[in-house]
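Let me begin by presenting the structure, written as structure tokens, before commenting on it.
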Amino acid sequence: MTAKTNNIRLLVTGGGTGGHIFPIIAVTTEFKKLIPVAEPEIYFLGPANFGIDNLTQSGIKTVIIPAGKIPRYPTVAIFSEILKIIASLFLGALQMWRLMPDIVFSKGGFGGFSSVFAAWLFRIPVIIHESDAVPGLANRLCARFAKKIILSFPDENNIFPKNKTILAGNPVRSELLEASTKTVSANPSQRKILVVLGGSQGSQEINTTVLDILPELLHDMEVVHQCGENNFRDLSFESKIVLEKEPELEKYYHLRPFLKIEDLATVLEKADLIISRSGAGSIFEIAAMGKASILIPLESSAGGHQLKNAEIYTKTGAGIMLIGANAKSHLLYENIMTLLNDPERLKLMQEAAKKFATPNAAKVIAEEIIDTAGIKMTAEIPIKKNKVEPVKIEKQPVIKKKPEKIKQINIVKVKPEEHRQPEIQRFTALPASNGVRVRYAPSPTGMMHVGNFRTALYNYLFARKNNGVFYVRIEDTDQTRYVEGGMESILETLQVMGIKHDEGPFLQNKGIVQSGDFGPYIQSQRIDLYRSHANDLVTKGLAYLCFCTEERLSKVREEQKKNKVPTGYDRLCRSFSETDVIRKQQEETPFVIRFKMPDTGETRFNDVIRGDISFRNDLMDDYILLKSDGFPTYHLANIVDDHLMQTTHVIRGEEWLSSTPKHVLLYRAFAWQEPQFIHLPLLLNTDRSKLSKRQGDVTVEEYLRLGYFPEAIINFVALLGWNPGTEQEIFSLEDLVKEFSFERINKSGAVFDIAKLNWLNKYYINNSDKRWSTVKDPLVEKIKKTLELRNIVVKDTDLTVSAIEQRLTGPNELIKILDTEFIFLPQKNSDGSVKKLNYPKELLIWKKMSDEEELKISLDEIFKILSDIPEGVWASQVEQILLTEAANKGDRGMLLWPLRVALSGQKVSPGPADIAKILGKEETLERVKDAIDKI
């Protein structure tokens, strides 16, 4: 064991990434300020990674141990990871015994798990900090060993024990905090400054998207682009190509691998707008600087935490979030220009960012460390508990058409509160009706996500198999999310996909008509029904009027956070007498209606797929049924309509599972029969992260636009969570009606594999001759005509068309492929000569080549190999000869990479042998010779 001095010994740990290291440095800096004059001993125990040098420079001693990730599902590296985990647990315990700190502070990640576990073994107090809105698996495991859990975002899903959690925000580097207090100096160029933070993990997409619109941006602003070490070389080359025609713009583009902290502080201080991923570190640094931002979440981030971070942050009005198709280059450009040309909105965003910021987070965490460890602090700096500014989530103002607000709700009678909990569970259910009635109940908020389409499809299949009724209901009571034309878009998509409903709104002569015995089927036309039912619950003593203002509710939350108790409504108005309520109404005090939740016991219900499920009642708040504008919340409207429309089965996504106990209690409060519940598994990306609901490129409309057949989409979506129990993969809609059953629906998430959708679409292309022929022949002719119009001349037109068809997944992809992958096709100049490819010579160099001399040797060898192939066998032999020669080199890239670039001028293209076949021998040799001449 290391001999211990009288100084305090703090051990910090984490994953070793910048998102862990920088907050650790910020916390330890504050820690040193708060304890007695003697310098504390601070150690970092964890894996070597980015930022370790920063720790050393900050006076933190580093002890490196390995770290392995707990495999969530089998991978090739599973055994290696398990060995790392075992080694980290052993070495973590050994080093913990050697160092014996007074307290351990963990930033999370699997690099910190072994240290936290070891501290628990030796009874050393532990504090963990969770940066993201969706906690990582490591911190969920570590939470059981921790004395305190400090959060950056509110714990909306109650993942951690309330009595352990403290909301403090995310620590920010002191250099940025200091810069945020300075007066912004004048910008001599008078241009707006756009800062792109593309150096974090998974930011390659942001970097390339910015390059797509770089010339347009530089006409109006300066761009400071941090891209990361790994991307810097490629982006340097690509930016030169992009700006080749307008070299005068280069002076406005500042590309850097990474900015030193002092440079970053200066750049952010001067920024007018920032584009970034939405890791917690980035968000809180942007907020600390008080800057407007566009956040583009990494949708494959673990647990979808970046999406949730961005949702919470942008709801405050401090930034906007772009996802999927909405983050494409042209839409990104439109959003950038809209914001920069709207000074008033930028100012509001800046103010909202400052309100969200938590500049005292590092100090608060340091105080909690000291308090938990029982360390006496410097007399001059007494501890000040809970000085954190709470994260306020305020909705942005939305201007759109909506029904007139109802200022006052006339509640005729209110029974006095008897200060006891109504026993809702005693109500008996009414007998079920015969026959299946199911519904698809979307909100008109935009295009139809594939997850929503799956819900519609499964409801349709179940109804048709059971000779039941499938109806559509439009849930538009949340007017802030209403999108003009959204209802029409939903109905049109169902129509195109062949999913025909029996009742509800229908498209007719470019308008909407409603048909059925249970209408209207649009919730905004049923407001009086909801008000009446809310009133019934009040008169029964099962709901009550709440007159609390937003200001009071905010103060209640702040007090609860200060006192470290669970947040939620304190039920003040629940205890009001009838006299109090009548007086408030006579004063025309605005109010909402809240449901009286039981505060003891459990609510149990059955899910057809998951079996019996129970939720603790004391963990659920007295939620709102009717808002002050007279509109119902989703919970009330949904239950009232499902009952009145005689819905027998509620088939919906797993994300609604946590709301089901609220719905069950409402059914029982009304003494209504509960429907059967079926919660479908989540849709996942291939890396098992959640498929975003707002991901623009996974909408049915987008896939239809790209040329995917409705039959292929239906076949694909049906298999997302359901399987027939056989090897069959091709299903028509009629087949699915016959085969579908709930018994074959999985509990675990369903992976959205675009490769399978492409495979299915090709099947339907190849097996739907009548339909495909109506598109195929004209498009092939269009390609030939396009080649002619562009003065593109190929040796073998049929071979070229065939090569394009092999990459085809849908009819609308043809022109796209011609403009991207096949951009290398030879184009004639006005004098009849063939245009030369334009690319930097550095692009020719394979990553394992040492210099240009080695490149020249490789190109000379390529030229000789190709020259020796007879013209008559060129198309049939060139591929085999090239592959054989490349294999003989050991590293195929030494031969094939320079050839690819020489023939296409691009990093991404069809294979070099395929290009050589299309170009023919003469043009191929000419391009290789041009490449040699560049050196």
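Numbers below:
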read-out	value
Hits in the stretch 228-243 (condition: buried (at least 18 other Cβ atoms within 10 Å of the Cβ), out of contact with any helix residue (DSSP H, G or I) (no Cβ under 7 Å at 6 or more places or on another chain) and at pLDDT below 85)	none
ILE320 vs. criteria assigned to a helix (DSSP H, G or I), surrounded by 17 or more Cβ atoms within 10 Å (Cβ to Cβ) and within 15 Å of the chain's Cα centre (by Cα)	no
Residues within the stretch 556-587 that are without any contact (Cβ under 8 Å) to a residue 60 or more places away in the chain, part of a helix (DSSP H, G or I) and under 30 Å from LYS148 (Cα atoms), tallied	3
Residues of the stretch 470-524 classified as in a helix (DSSP H, G or I) and within 22 Å of ASN638 (Cα to Cα), total	12
Sole residue being among the polar types (S, T, N, Q), farther than 23 Å from GLN306 by Cβ, surrounded by 14 or more Cβ atoms within 10 Å (Cβ to Cβ) and in the same structural domain as PRO47 (by TED's automatic domain parsing), chosen from SER58, SER106	SER58
Qualifying position, being surrounded by 14 or more Cβ atoms within 10 Å (Cβ to Cβ) and closer than 19 Å to THR797 by Cβ, among ILE845, ILE869, ILE918	ILE918
Options GLU551, GLU602, GLU578: the member that is in contact with an Asp or Glu (Cβ under 9 Å, 6 or more places away or on another chain) and surrounded by fewer than 18 Cβ atoms within 10 Å (Cβ to Cβ)	GLU578
Every residue from the stretch 114-133 that is out of contact with any Asp or Glu (no Cβ under 9 Å at 6 or more places or on another chain), in contact (Cβ under 8 Å) with a residue 40 or more places away in the chain and not aliphatic (A, V, I, L, M)	SER114, SER115, HIS129, SER131, ASP132
Unique residue being part of a helix (DSSP H, G or I), among the hydrophobic types (A, V, I, L, M, F, W, C) and assigned by TED's automatic domain parsing to the domain that holds ILE845 when the list is VAL908, VAL901	VAL901
Selected residue (criterion: surrounded by the fewest Cβ atoms within 10 Å (Cβ to Cβ)) from residues of the stretch 464-482 that are without any contact (Cβ under 8 Å) to a residue 60 or more places away in the chain and not charged (D, E, K, R)	ASN467
Any pair with Cβ under 8 angstrom, 6 or more apart, that starts in the stretch 745-766 at a residue that is outside the structural domain of GLU655 (by TED's automatic domain parsing) and closer than 25 Å to SER300 by Cα and ends at one that is part of a loop (DSSP other than H, G, I, E, B) and hydroxyl-bearing (Ser, Thr, Tyr)	VAL751/THR686; PHE752/THR686; ASP753/THR686; LEU757/TYR708; ASN758/THR809; ASN761/TYR708; ASN761/THR809
The stretch 256-266: number of residues that are surrounded by fewer than 20 Cβ atoms within 10 Å (Cβ to Cβ), in contact (Cβ under 8 Å) with a residue 24 or more places away in the chain and outside any loop (DSSP other than H, G, I, E, B)	4
Spans of strands (runs of 3 or more DSSP E) in the stretch 592-689 with at least 2 residues aliphatic (A, V, I, L, M) and over 14 Å from LEU537 (Cα atoms)	649-653, 676-680
Residues being of a type in the set (Asp, Glu) and assigned to a helix (DSSP H, G or I) - total across the stretch 285-317	2
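One line per residue, one yes/no per condition, for (1) more than 25 Å from the chain's Cα centre (by Cα); (2) under 14 Å from LEU197 (Cα atoms); (3) in the same structural domain as CYS227 (by TED's automatic domain parsing):
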{"residue": "LEU264", "(1), (2), (3)": "yes, yes, yes"}
{"residue": "VAL267", "(1), (2), (3)": "yes, yes, yes"}
{"residue": "ILE275", "(1), (2), (3)": "no, yes, yes"}
{"residue": "GLY281", "(1), (2), (3)": "no, yes, yes"}
{"residue": "PHE284", "(1), (2), (3)": "no, yes, yes"}
{"residue": "ALA292", "(1), (2), (3)": "no, yes, yes"}
{"residue": "LEU298", "(1), (2), (3)": "no, yes, yes"}
{"residue": "SER301", "(1), (2), (3)": "no, no, yes"}
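The values are calculated or read from the model by the stated rules, or taken from the named source; none is laboratory data. In this text the structure is predicted, and so the values were computed from the model without any measurement. No Cβ is skipped: glycine too gets one built from the backbone with ideal geometry, and neighbour counts run over all protein chains shown.
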